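Read the structure below first, then the notes.
The values are calculated or read from the model by the stated rules, or taken from the named source; none is laboratory data. Computed from a predicted model, the values in this text were never measured in an experiment. Cβ placement follows ideal geometry from the backbone for every residue including glycine, while neighbour counts extend to all protein chains displayed. The protein model used for the area step is the full one, side chains on, heavy atoms only, and it has no ligands, DNA or RNA in it. Shrake-Rupley method; radii C 1.70, N 1.55, O 1.52, S 1.80 Å.
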Amino acid sequence: MLIWDYVHHIEYRRELSKGRRIHEYTEYADDMGFCLEHRAERKQDWLVKYTRYCTEDFLGRMRAAPGTWVVSVYRACNGDERTHLVTIRMRWPGSTDIRQ
């Protein structure tokens, strides 16, 4: 199995009320998409947009509960170290997957 060096941890927390969140999922992704934008003036916008795409895909596959989700992305470094890249908050309407 070919392993790239673009390991990211994506943590999904569902917001129960203001300031109260529950950690529902952690996804480990070997995904270079978070590294595609290098221009400083565009990097943050790209991270937000790409994280939203990944979140919509993941929550749909998990058939996650509707609500407000807070999603944080970390780049894995050496050992247990990691670097925070971005955190977004988004409203998830629930799964629109018609496959039952």
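Mind checking whether some residue in segment 77-95 is aromatic (Phe, Trp, Tyr) and at pLDDT below 95?
The answer is no, given that none of the residues of segment 77-95 is aromatic (Phe, Trp, Tyr) and at pLDDT below 95.
If you scan segment 1-60, which residues turn out to be open to solvent by 50 Å² or more (accessible area, probe 1.4 Å), outside any strand (DSSP E or B) and among the aliphatic types (A, V, I, L, M)?
Hits for segment 1-60 are MET1, LEU2, ILE3, MET32, LEU36, ALA40, VAL48.
For every residue, the table says whether it meets (1) without any contact (Cβ under 8 Å) to a residue 24 or more places away in the chain; (2) in contact with a strand residue (DSSP E or B) (Cβ under 6 Å, 6 or more places away or on another chain); (3) aliphatic (A, V, I, L, M).
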position	(1), (2), (3)
GLU24	no, yes, no
ARG39	yes, no, no
CYS54	no, no, no
ALA76	no, yes, yes
LEU85	no, yes, yes
